Amino acid sequence: MENILNKEIKGIIDNYPEVGKILEEYGIGCAPCSVGSCFMKDIVGIHNLDPLQEATLMYRIEKAIYPDRDIPEPKVDLTKTAIPKKITYSPSVKKLVDEHVLIKRLLALIPSIVEYVESSMEVDEDLVLSCVDFIRNYADKYHHMKEEDILFKYVDENAEIIQIMYKDHDTGRNHIRQVVEGVKRGDKAAIKEHLFGYMDLLTQHIKKEDEILYPWIDRQLSDAQVGEMFQRCNDADASVGDELPRKYENFIIELEEKFLREVVK
């Protein structure tokens, strides 16, 4: 089993697809991951499974890889359902989770925005570039930069899960650059492709952060670090003032009024 724990998960799933299905049952979405270079041992640690879940998971994976081996089944009462763990966050991390809510409200509007762009005679540059402005200044500079400049500094930045987050941020920025290029060319297909690409990416990215990354980081912080990070995040927010988040919340409200009203009609 030691050999499995120290292998990259992508290679394991490529050779044994059943492993990906087993992980999915435990809420571990490694199969669709675009990187997949995490070691199995790190995946188990990051997801903070209880001892019974972990023992059963590893038994099933080992059986999937070595079906002919006589592997002793763990003594686990499978008739009992584990009580779901309630995720709690430190104050600074909770604020990052709350910021995700506004970003998810934009993501939910993207299909309607794309449909509007496709049905219009010409690309509504103001609409699309206003969405780009929200993404670049609220989702990226206001939110992602606190992750990159503050949150991620409290753990090993070379950890695979952190590298995946950085890659997601860069991929998202590239999608938005391509949206801007599409606006310049009046290329509706490019705008559609990259807005949807951003939507799909950020939807999974936020889920990974809220459910896996943030709790994993919080578990490693001392009380002193929690206090220090809270102050640093407050200082970062104070440097831009209250007007910026209010501005972008009002922008999302206006978008929702415009497009949700159209849906109701």
Looking at (1) modelled with pLDDT under 80; (2) surrounded by 10 or more Cβ atoms within 10 Å (Cβ to Cβ); (3) not aliphatic (A, V, I, L, M), find the lone condition where LYS94 falls short.
-> (1)
Inspect all residues belonging to the stretch 170-189 and state whether any of them is open to solvent by 60 Å² or more (accessible area, probe 1.4 Å), farther than 29 Å from THR88 by Cβ and under 17 Å from the mean Cα position of the chain (by Cα).
-> yes
Name, by its number, the condition in (1) among the hydrophobic types (A, V, I, L, M, F, W, C); (2) open to solvent by 50 Å² or more (accessible area, probe 1.4 Å); (3) in contact (Cβ under 8 Å) with a residue 24 or more places away in the chain that does not hold for VAL123.
-> (2)
Could you tell me whether any residue of the stretch 182-196 is in contact with a Lys or Arg (Cβ under 9 Å, 6 or more places away or on another chain) and more than 25 Å from ASP133 (Cβ to Cβ)?
-> no
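The values are calculated or read from the model by the stated rules, or taken from the named source; none is laboratory data. Predicted model, so just to flag it, every value in this text is computed and none were measured. With ideal geometry, Cβ positions are generated from the backbone for all residues, glycine too; neighbour counts draw on all protein chains shown. The protein model used for the area step is the full one, side chains on, heavy atoms only, and it has no ligands, DNA or RNA in it. Shrake-Rupley method; radii C 1.70, N 1.55, O 1.52, S 1.80 Å.
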